[in-house]
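Worksheet: one structure, shown below.
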Amino acid sequence: MSESQKTLSNLLRETRRFPPPAELAESANVTAAAYEEAANDRLGFWERQADRLAWSKRWDEVLDWTNPPFARWFVGGELNVAYNCVDRHVEAGLGAKVAYHWEGEPGDTRTLTYADLRREVSKAANALLELGVRKGDRVAIYLPMIPELPIAMLACARIGATHSVVFGGFSADALRTRIDDAQARVVITADGGYRRGKPSALKPTVDEAVADAPSVEHVLVVRRTGEDVAETDRDVWWEDVVERQSDQHTPEPVDAEHPLFILYTSGTTGKPKGILHTSGGYLTQTAYTHWAVMDLKPEKDVYWCSADIGWVTGHSYIVYGPLANGATSVMYEGTPDTPHRGRWWDVIAKYKVTTFYTAPTAIRTFMKWGDDIPARYDLSSLRVLGSVGEPINPEAYVWYREHIGANRTPVVDTWWQTETGAIMISPLPGVTEGKPGAAMRPLPGIVADVVDDHGESVPNGGGGFLVLKEPWPSMLRTIWGDDERYVKTYWSRFDGMYFAGDGAKKDEDGDLWLLGRVDDVMLVSGHNISTTEVESALVSHPKVAEAAVVGSTDPVTGQAIVAFVIPRGAAGEEVEGEAFLQELREHVSRKLGPIAKPRQIMIVPELPKTRSGKIMRRLLRDVAENRSIGDVSTLADGTVMDLISAKLPDAK
Ligand code: WT7
């Protein structure tokens, strides 16, 4: 039995069931009828969801799928995304309603009502226009979790510019690759943000990244920490350029298929993929899913998604979905253990958060820190808990429900991807009887399945690959600048189906259990990192000859990065000791960002390869996870694993 099959049979032994609380079921936004409604008329269903938004011109056709896999949703329709997220709520008399309760890590706070947001976004939009940004131009955004981040995104949307948000933890190299690929004309950044109780600089990374990024004409800098920063010719300060602008701006309607943003995600080959999302379909599905899955009651809920806006979760469920729905959200700048390990629970108690959306890796960290910490806080306002980013193991699910949700709140395990733009598979809190560890069913309007190697649907009880069988409104439209790679990566594995790259299983009831990636992409704390990316970073070090990287199961981060390195060094050079390993880890961190730092690096004399030269990561995974080594019959050199094992005292 393979390791993933073992995990699976453990999972399927899970028999705990959690029906929706009666009160929630009675007043839930969505009932079981929605599944039927959508199954009977899928396009009609999505059309009704698009009516949640304000369109300046109605569409002529719901879906154009005449040139698959290139979809066009709400063809001919026009709208402005920022208008939908901001102005229309003000026009509906909700200007005084809080859009964001923002909480800085040092304890400073800002409250932004929808009226405030309209003024701030308008000023930022006017500033971008003054800086020469026009409809269709790309703007890179590299900001900490401060209000200027959603403001900058919405300002782009308001003028029809396409944003590319780059997570603040990425290195200068990673930032430069993304700026170059998108040919961004402006970069919006800050002097820094607060992390772990200290200012953490961002500007020096931007300076390094744009030094040889000729597309960049201006760098717009927000002052957050007040620390000294070097200034360059291209810099302009937010406080100078944005603050003096008029707070009036008329949003520009764009085509439903106008590019809203690019967000980069790791691929199995080196170069990150610029996932392109457009306007009408994306906003329709983020708004619908946020309302349906979180059972959002905009008049009374206080919603908090703890993700960073640098990832798709933040785009869809801190910015676009919640704002399109006129929700009140919490936004928090910093880390969960600053100044103490109860900070998140403190935030929930302070703002009386009702709906909380976080990741399994965070939940496992809290489990490790101890039950007594959340127990000190009043979490009784909570009514729905969500999870996203990787499979949630049943223990973490049950702990989350018990210790955060007082054994009362449903937990919704939501499966989706940067590419899908919005939640695809998830329980509905007022409908579904929850099973710890299962994402359950595709949402109304979504058609997913598990297929075998030949693309045949597997029966209940069977396992295979997760696919999506029909286009959906918030699907990626392409990979920026690379239609061919889009087709090859997602639509070529199985005829006419979207290949998600995840393994999955259908249980006896037909409910879905997601099992993680089947390709060479690792999921570290819910973030996609490709093995190739880390390998390239390692071999760019002068003392590394060859490197192979695998994801190894980790109790806290889901997977952790383990690297096998063949060193090269002039005679007498230190290429083994702790200092060398530390140097390599720092090197990767500098190249890709701290999140890609290997947990462990093993120095080895050889790497296991097939005759065609492909590294057999499966065997290295066995080593990394301390298992006996599997079938070695396809190795070019059968003795390699012995050589590797001999170097590693704790490997079998
Ligand atoms: C990959 C996508 C979606 C936002 C965060 C990640 C894994 C995500 C779940 C879940 C099992 C999950 C998949 C997917 N994943 N949510 N609920 N259960 N696996 O976005 O970086 O594009 O990663 O995350 O493996 O393919 P992403």
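The values are calculated or read from the model by the stated rules, or taken from the named source; none is laboratory data. Only a predicted model underlies this, so the values are computations on that prediction, with no experimental measurement involved. Don't worry about glycine lacking a Cβ; one is built from the backbone with ideal geometry, like all the others, and counts go over all protein chains shown.
Observations, loosely collected:
Rundown of residues vs (1) within 28 Å of PRO444 (Cβ to Cβ); (2) buried (at least 20 other Cβ atoms within 10 Å of the Cβ); (3) more than 9 Å from the ligand (Cβ to nearest atom); (4) not assigned by the TED database to the domain that holds THR354, yes/no style:
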residue: ASP372; (1), (2), (3), (4): no, no, yes, no
residue: ARG376; (1), (2), (3), (4): no, no, yes, no
residue: GLU390; (1), (2), (3), (4): yes, yes, no, no
residue: ALA396; (1), (2), (3), (4): yes, yes, yes, no
residue: TYR400; (1), (2), (3), (4): yes, yes, yes, no
residue: HIS403; (1), (2), (3), (4): no, yes, yes, no
residue: ALA406; (1), (2), (3), (4): no, no, yes, no
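- The residue pairs whose first member lies in segment 475-495 and is assigned by the TED database to the domain that holds ARG178 and on the phi < 0 side of the Ramachandran plot, whose second member is among the basic types (Lys, Arg) and not in a loop (DSSP other than H, G, I, E, B), and whose beta carbons are closer than 6 Å, counting only pairs six or more residues apart or on different chains, are ILE479/LYS273; ILE479/ARG485.
- Of all residues in segment 54-112 being farther than 28 Å from LYS469 by Cα, of a type in the set (Val, Ile, Thr) and within 26 Å of the chain's Cα centre (by Cα), the one that is surrounded by the fewest Cβ atoms within 10 Å (Cβ to Cβ): THR109
- Filter result (among the hydrophobic types (A, V, I, L, M, F, W, C) and modelled with pLDDT of 85 or more) within segment 8-28: PHE18, ALA22, LEU24, ALA25, ALA28
- When segment 281-324 is limited to residues that are more than 12 Å from the ligand (Cβ to nearest atom) and in a strand (DSSP E or B), the one that is surrounded by the fewest Cβ atoms within 10 Å (Cβ to Cβ) turns out to be VAL302.
- Test: LEU94 is modelled with pLDDT of 95 or more and aliphatic (A, V, I, L, M): yes
- Hits in segment 348-387 - residues which are touching a strand residue (DSSP E or B) at 6+ places or on another chain (Cβ under 6 Å), under 26 Å from ARG110 (Cβ atoms) and among the β-branched types (Val, Ile, Thr): VAL353, THR354, THR355, VAL384
- Filter pass, TYR332 being in contact with a strand residue (DSSP E or B) (Cβ under 6 Å, 6 or more places away or on another chain), under 26 Å from VAL86 (Cβ atoms), assigned by the TED database to the domain that holds ALA140 and within 14 Å of the ligand (Cβ to nearest atom): no
- Cross-chain or 6+ apart pairs with Cβ under 6 Å, segment 594-607 first and of a type in the set (Gly, Ala, Ser), then surrounded by 15 or more Cβ atoms within 10 Å (Cβ to Cβ): ALA596/ILE529; ALA596/VAL534; ALA596/VAL588
- Some residue of segment 106-115 being under 27 Å from THR328 (Cβ atoms) and assigned to a helix (DSSP H, G or I): yes
- Matching residues, segment 514-549, being within 16 Å of the ligand (Cβ to nearest atom) and in a strand (DSSP E or B): LEU514, LEU515, GLY516, ARG517, VAL521, MET522, LEU523, VAL524, HIS527, ASN528, ILE529, SER530
- Condition check for GLU333: in contact (Cβ under 8 Å) with a residue 40 or more places away in the chain, in contact with a Pro (Cβ under 8 Å, 6 or more places away or on another chain) and among the charged types (D, E, K, R): yes
- Candidates in segment 378-388 are the residues that are surrounded by 15 or more Cβ atoms within 10 Å (Cβ to Cβ) and more than 24 Å from the chain's Cα centre (by Cα); of these, the one that is nearest to the ligand (Cβ to nearest atom) is LEU379.
- Residues that are surrounded by fewer than 19 Cβ atoms within 10 Å (Cβ to Cβ), modelled with pLDDT under 95 and of a type outside the set (S, T, N, Q) do occur in segment 351-368, at least one of them.
- Screening ARG611, ARG621, ARG627, ARG617 for residues that are of a type outside the set (Asp, Glu) and modelled with pLDDT of 85 or more leaves exactly one candidate, ARG621.
- Given (1) touching a Phe, Trp or Tyr at 6+ places or on another chain (Cβ under 7 Å); (2) within 16 Å of the ligand (Cβ to nearest atom), index of the condition ALA327 fails: (2)
- In segment 351-369, the residues that are more than 18 Å from ARG341 (Cβ to Cβ) and free of Cβ contacts under 8 Å to residues at least 60 places away in the same chain form Cβ pairs under 9 Å with partners that are within 16 Å of the ligand (Cβ to nearest atom) and of a type in the set (Val, Ile, Thr), at six or more places apart or across chains, as follows: THR354/VAL384.
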